[in-house]
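Input: a single structure, listed below in structure tokens.
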Amino acid sequence: MESQVVLAAPLKIGEVAQRSGLTVKTIRFYCDEGLIHPTSRSEGGYRLFGDEVFAELALIRTLKAMEIPLQDVRQILESRRSGVCTCGSLQDTIRSKAGEIEQKIAALRDLHSELEDLLSRWQDCGGSKGSAA
């Protein structure tokens, strides 16, 4: 018995936007910048995408949150598509950003502790009526 692979129907840009939570304008921008590529075009000229676009858009969103420049995002996506990432400088950039994030997390934890401490001492500094210590 032959097994048949059922391919998902190509998605128009509006469907991709709706499912990804991005705007059509953003997806067009990513296409124009060479970050994502439509799999084909409809007879009417609409960009059509496969389901793999969602993983790429999620990666773009993550890299943008890390403030990775678009040029580097493009290189990362191209490396990912080829299955081979040989660019040490890209790895260094990602490691550097990961380190920056760790530093920000530590700073936020410190700030959180300071705020919690301030709240725990609030009564002592006259923030509410109570007996003086």
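For the reader, a short list of remarks on this structure follows.
- Any hit, region 79-88, residues being in contact (Cβ under 8 Å) with a residue 40 or more places away in the chain and part of a loop (DSSP other than H, G, I, E, B): no
- Filtered by the rule that a residue be touching a Leu at 6+ places or on another chain (Cβ under 9 Å) and under 24 Å from GLU15 (Cβ atoms), region 55-73 gives GLU56, LEU57, LEU59, ILE60, ARG61, LEU63, LYS64, VAL73.
- Of the residues ARG95, ARG19, ARG41, the single one that is surrounded by 13 or more Cβ atoms within 10 Å (Cβ to Cβ) and either touching a strand residue (DSSP E or B) at 6+ places or on another chain (Cβ under 7 Å) or of a type in the set (Lys, Arg) (or both) is ARG19.
The numbers here are math on the coordinates, done by the rules we state, and not lab data. Note that this is a predicted model, so its numbers are computed, not measured. Here Cβ is always computed from backbone atoms with ideal geometry, including for glycine, and neighbour counts include all displayed protein chains.
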